Amino acid sequence: MHPASFDYSAPSTVDEAVRLLAEHGDGAKLLAGGHSLLPLMKLRFAQPTHVVDLRRIPSLRGIRRDGNLLAIGAMTTYAELAASRELFDTATAIVDAASQVGDPQVRNRGTIGGSIAHADPAADIPATMLALGASFVAQGQSGRRFIAAGEFFRDLYTTALSADELLVEIRVPVSISRAGSAYAKHPHPATRFALVGVAAAIELERMSDRVQRARVAVTGLANTPLRAIAVEEALTGQVADPDHIIAAAEHLVASAEETGAYKAQLARTCAEAALRKAAERAQ
Amino acid sequence: MSQPNTSESVFGASVLRREDARFLTGRGRYTDDVTLPGTTYAAFVRSPHAHARIRAIDIGRAQKVRGVRAIFTGAQLAAGGVNGIPTAWLLPDIKLPPHPPLAVDRARYVGEAVAVVIADNAYVARDAADLVNVDYETLPAVVDTEGAASATTLVHDIAPANRCFHWSLGDAAAVDAAFRDAAHIVRQRLLNQRLAAVAMEPRSALASYDKATEDLTLWVTSQNPHVHRLIMGAFVLGVPEHKFRVIAPDVGGGFGSKIFIYPEECVLAWATKQIARPVKWTATRSESFLTDAQGRDHVTDVELALDAEGHILGLRVKTIANLGAYLSLFAPCVPTYLYGTLLSGVYKIPAIHVEVDAVFTNTTPVDAYRGAGRPEAAYLLERIVDIAAKQIGMNPAALRRQNFIPADAFPYQTPVALQYDSGNYAPALDLALRKLDYPKILEEQAQARKQGRYVGIGISTYIEACSIAPSQVVGSLGAQAGLWESASVRVHPTGKVSVFTGSHAHGQGHETTFAQLASHDLGIPMADIEIVHGDTAAVPFGMGSYGSRSAAVGGTAIHNAIGKIKDKAKRIAAHLLEAAPEDITEENGKYFVRGAPDRAKGFGELALTAYLAHNLPRDVEPGLEANSFYDPSNFTFPFGAHIAVVEVSRATGDVKVLKYVAVDDVGNVINPMIVDGMVHGGIAQGIAQALWEEVRFDDNGQPLNASLMTYAVPRADQLPSFDTARTVTPSPVNPLGIKGAGETGTIASTPAVANAVMDALAPFGVTHLDMPLTPEKLWTAMESAGEQRRA
């Protein structure tokens, strides 16, 4: 596999990366873990003229708690996410998803920011971002801005990032109340990408076992991850027991017309599993 | 499970593989690892169309790329005297369309090589290849196996109805009579889907022509370097065999796909002389999926006749076999003599008739893939027997057992040409059932069904033919080669030994097993023995490795050559001990007069005596070296019983293999650990056919899943721990009693798992689904059938 020729830079600051992006315009591509970009380049489906490698930028790595926010550097690997105690305690869906991505080699190289910015419709991470109500910090020539996860994924491999912008950080709000989240997927047998994956986040009322707020996002049914609003509404105000969860997940069957009966069925089973676990973790 | 044995050991011990140290530490030497001074790199321009006329090829822009050495097209190769790639197995009235290494006027499958660019490095070669402009006029593509005969388009003008050949075997009238008398007739249409071999190491070649000596050397990923040399030298290139050396160094898996002569190595071997530089090419994984010969691809109508008690009376089989766009090297024998002849299975079937129509299509060529014809035979037979058991209400184990060829009936002549050497089928099935605790599993299955869990049990009692092959027999059936094997045993003056084998290892562990065999026969430590293979300059002409033949045929050749060494050593010992040669006996490498072991001559001392030649019997020549060319008198017939227990999820259609029991009878075993390993790998590959793998094309012949992103090869975490065991019925065909173990797993496991899944779905009234049994297919079947059990 021999990619077309390209130039390569490995800047050590975000500012420098942004400058390189602006300088090389459409021909530039950011390289994070490389597990999406490099195969495309080797097949010559992608032929960037300039590759900007982000691995030498220390500020893009790591997970830190900032009050009621978790700030995750865009270059944090799946393996680091999967092993994070902080994430496990507060945003378990990310740990679930990260630990199921690909295989150990992929998890040691692939990054959360790479997954989000690439916006593969079968990727695991984006659905968890919607369910957890995350927002993204983008940096471009005109400075930094925040983009809510719900506004970010526009289409197949298409995001709200503009050509000169770099995704630098993922911000996940941390609930102090009785909250839990989970991710369940049905993997493609060859790639391990999600045929269908469902992320669920549940907050229970303080004094009862009723659901105060549920957020459910599904990957695999469309070109972008989608919120399953009908499922969320069906569960809100109900006790998160198996019967209510099954009844709520049933709403995903309505998607069968566009996606086929089987995918709708997988969405339902994944939603049941994710909701059950999220409810358990919220206790 | 056998325990690995690290001590010096011999025949029958689980000695750790000596080759693993270099493989596991990245020190193997594969074709792509070889680079010569001045090596150039080839990139192929390939047809993006399944069927197209080539109107013109414009190399103008490509030629101007800096670093490009040469660009060749099919027309230039033809003008340069390069012939088409032949097939090595002929059948009556077979159509033999030309197969030029580079397409000349028509491309017939996606990925077919149309031109080659040779440049100073692989990147430039690829850049320039992308600039070669081929003017195609696309033509309608013939894709469907069943539809090929009625297609208005012809893949080859010389093959009307796209038929390559029609072949039949057996007694049609006797089968008609059996069906007239039958109490039960069971019919099923079965698809045996197309598979990709997916060897870990992609195909690779490096060709180098030495102008000074006029020697041509080719390093190539081959399972049979002498076959490569003979066919490429004598038929394709016109290079004299004695000036042509083929080296197949470490090869990372073949599964059959590296038996064949491919276009790329022919192009390189010709081009190196034209440009006076070495040329290298290594396939990308995409190229492997598009161009490595694929396997299976049968559509079969099978009918089984049984009497009222479930005794099989007759079997009628009609198969359409898809050969792809060109005849690959051994393609004609796979759906015929490796398939139709195995249709008696382990059963006494009085009348069998099989007809095969082989068709050309605009798809990747099809040839032998692990099992080659035998998995197709086992699948159809084991499926139809299972369907019969369900239909007439018999237990599938009982139906099988009552139809087994009895142990006292060997050698057994089947109605489809073969004579089975030996067999004892009931003990293998009984052992498998016992290991599984069959009555308990049946009870658990019944309990599970009550809970709405769908557990299925699938049995497969298979047979396979190894020890390929008696040369006269295969010659009479159309083979254009003998299928014996060679060995040369060279004892050095110090008593160390080099064994040169015509077999070739590409994962089988010959460097260990053959050293065990030689150590056992010679009575010297394994450490004193080196196994050499894969180089036509080092090894006598040999036929290579495929069809589970290496131990049975190649191993016997080594054994026979060692026999000659020992005879000579005895004569020298007799001379030194002043005794008659017939009074000399050998134990653990010591040669002594029978009854007088304390006055013994060691093997090393005898070797030195042979080479010093100061004191040899008058009629004994110096040196200690012997050759053997062993031609087996018959095939050998491994058999066994595999049982799979699966659970199908009602919610998702996912199949979980809960248990897998494999009882194989491969005759005597040299290294149980290595045989277990081959069985494990084979089972994984066979389960993958049942559940996951399928090469798919769209109606235009475009491949739909030609990558590891989309083609689902098996992974360890999808598989259970395999419970393996053996019964041992030594083969009388060869002196080692060995049958062959390389393919039993793929042959046995596919029908076992398919039967188990169908058994799991029995409550839904589903009797058959074609492979691969994907979750979506199973869920959809359960949905549309509705559950009948509770009704």
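Read-outs throughout are calculated quantities, based only on the coordinates presented, and are distinct from any laboratory measurement. Everything numeric in this text was worked out from a predicted model, so none of it was measured. Using ideal geometry, Cβ is built from the backbone for each residue, glycine included, and neighbour counts are taken over all protein chains shown.
Taking θ as phi - 60°, what are the ³J(HN,Hα) couplings along segment A:56-61 by the Karplus curve (6.51, -1.76, 1.60), each to the nearest whole Hz, with x for Gly and Pro?
3J(HN,Hα) across segment A:56-61, in whole Hz: 9, 9, x, 5, 8, 10.
What residues have an amide H closer than 5 Å to that of B:Tyr454, excluding those fewer than 5 places away on the same chain, when H is modeled at 1.01 Å from N in the peptide plane?
For B:Tyr454, whose amide H was placed from the backbone, the distant partners under 5 Å are B:Val648, B:Arg650.
Net charge within 10 Å of B:Val124 by Cβ-Cβ distance, Lys/Arg positive one each and Asp/Glu negative one each, not counting B:Val124 itself? Walk me through the numbers on the way to the answer.
Details: positive: B:Arg66, B:Arg69, B:Arg126; negative: B:Asp120, B:Asp127.
In short, +1.
Determine the dipole magnitude for segment B:368-518: charges of +1 sit on the beta-carbon of Lys and Arg, -1 on that of Asp and Glu, nothing else is charged, the reference point is the Cα centre, and the result goes in debye to the nearest 20.
Values: 14 positive and 12 negative charges, 90 e Å.
I would put it at about 440 debye.
Return the ratio Rg/(2.2 N^0.38 Å) for chain B, where Rg is computed over Cα atoms only. Provide the component values of the computation, followed by the final result.
On the way: Rg = 27.5 Å, N = 791, 2.2 N^0.38 = 27.8 Å.
Against the empirical 2.2 N^0.38 Å value, I get 0.99 for chain B.
Is it possible to state the helix-based mean residue ellipticity at 222 nm for chain B, with each DSSP H run of 4+ residues giving -39500 (n - 2.57), the sum divided by total residues, to the nearest 500 deg cm²/dmol? What is it?
Numbers: 19 runs with 212 residues, N = 791.
Mean residue ellipticity at 222 nm (helix-derived): -8000 deg cm²/dmol.
So what J values fall out for segment A:113-118 if you push phi through Karplus, 6.51 cos²θ - 1.76 cosθ + 1.60 with θ = phi - 60°, rounded to Hz, Gly and Pro as x?
For segment A:113-118, the Karplus-derived couplings read x, x, 5, 5, 6, 6 Hz, x marking Gly and Pro.
Among B:Met782, B:Pro772, B:Thr750, which residue has its Cα furthest toward the positive end of the charge dipole of segment B:717-791, with +1 on Lys/Arg Cβ and -1 on Asp/Glu Cβ?
B:Thr750
Are there GluC sites (Glu not before Pro) in segment A:188-274 that DSSP puts in a loop and that have at most 15 other Cβ atoms within 10 Å, and which ones? Could the numbers behind the result be given before it?
Values: sites: A:Glu203, A:Glu205, A:Glu232, A:Glu233, A:Glu250, A:Glu257, A:Glu258, A:Glu272; in loops: A:Glu205.
The qualifying sites are A:Glu205.
With N residues in segment B:649-785, what two-decimal value do you get for its Cα radius of gyration over 2.2 N^0.38 Å? It would help to have the intermediate numbers written out before the result.
Numbers: Rg = 17.7 Å, N = 137, 2.2 N^0.38 = 14.3 Å.
Here the Cα radius of gyration is 1.24 times the empirical estimate.
If you place +1 on the Cβ of every Lys and Arg, -1 on the Cβ of every Asp and Glu, and leave all else neutral, what size is the dipole of the protein assembly as shown about its Cα centre, to the nearest 20 Debye?
On the way: 99 positive and 114 negative charges, 250 e Å.
It comes to approximately 1200 debye.
If the only charges are +1 at each Lys and Arg Cβ and -1 at each Asp and Glu Cβ, what is the size of the charge dipole of segment B:61-122 around the Cα centre, to the nearest 20 debye? Could you put the intermediate results ahead of the total?
Working: 7 positive and 4 negative charges, 65 e Å.
Around 320 debye, computed over segment B:61-122.
As a test of understanding, state the convex hull volume per residue of segment B:104-229 from its alpha carbons, in Å³. Walk me through the intermediate numbers first.
Details: hull volume 31.1 nm³, N = 126.
It is 247 Å³ per residue.
Amide H to amide H under 5 Å from A:Glu169: which residues, 5+ apart in sequence or cross-chain, H placed 1.01 Å off N in plane?
Long-range HN contacts for A:Glu169: A:Ala74, A:Val137.
Explain nothing, just compute: Karplus ³J(HN,Hα) = 6.51 cos²θ - 1.76 cosθ + 1.60, θ = phi - 60°, for every residue of segment B:595-611 in order, whole Hz, x for Gly and Pro.
Once θ is set to phi - 60°, the couplings for segment B:595-611 become x, 10, x, 6, 9, 10, 9, x, 4, x, 5, 5, 5, 5, 4, 4, 8 Hz.
List the chymotrypsin sites (Phe, Trp or Tyr not before Pro) in segment A:2-52 that DSSP assigns to loop (not H, G, I, E or B) and whose Cβ has at most 11 other Cβ atoms within 10 Å. Which are they? Mind dumping the intermediate values first?
On the way: sites: A:Phe6, A:Tyr8, A:Phe45; in loops: A:Phe6, A:Phe45.
Filter output for segment A:2-52: A:Phe45.
Got a sec? Charge dipole of chain B, +1 on Cβ for Lys and Arg, -1 for Asp and Glu; which of B:Ala115, B:Pro732, B:Pro622 is way out at the positive end?
B:Ala115
Round to the nearest 10 and give me the degree value, 0 to 90, for the angle of helix A:261-282's Cα axis relative to the longest principal axis of chain A.
Computed tilt is about 80 degrees.
Compute the longest continuous run of chain B that contains no exposed trypsin sites (Lys or Arg not before Pro); treat a site as exposed when its DSSP state is not H, G, I, E or B and it has at most 14 other Cβ atoms within 10 Å. Let's see the in-between values first.
Working: sites that count: B:Arg27, B:Arg29, B:Lys64, B:Arg66, B:Lys211, B:Arg594, B:Arg599, B:Arg618, B:Arg696, B:Arg715, B:Arg789, B:Arg790.
Longest gap between qualifying sites, sites excluded: B:212-593.
Could you compute the FRET efficiency for A:Phe146 and A:Glu205, with r as their C-beta to C-beta distance and R0 at 41 Å, rounded to 0.05?
0.90
Can you list the residues, at least 5 places off or on another chain, whose amide H is less than 5 Å from the amide H of B:Thr221, using H built in the peptide plane?
The answer is B:Ser204.
Tally Lys and Arg at +1 and Asp and Glu at -1 over the other residues with C-beta under 15 Å from the C-beta of A:Ala249: what net charge comes out?
Numbers: positive: A:Lys185, A:Arg215, A:Arg227, A:Lys263, A:Arg268, A:Arg276, A:Lys277; negative: A:Glu232, A:Glu233, A:Asp241, A:Asp243, A:Glu250, A:Glu272.
With Lys, Arg at +1 and Asp, Glu at -1, the net is +1.
Go through B:Leu154, B:Trp219, B:Val142 and say which Cα lies farthest out towards the positive end of the charge dipole of the protein assembly as shown; charges sit on Cβ, +1 for Lys and Arg, -1 for Asp and Glu.
My answer, from the dipole projection, is B:Trp219.
Taking K and R as +1 and D and E as -1, what net charge do the other residues with C-beta under 11 Å from the C-beta of B:Thr744 add up to? Display every interim value, and only then the final one.
Values: positive: B:Arg370, B:Arg374, B:Arg726, B:Lys739; negative: B:Glu464, B:Asp664, B:Asp665, B:Glu743.
Net charge around B:Thr744: 0.
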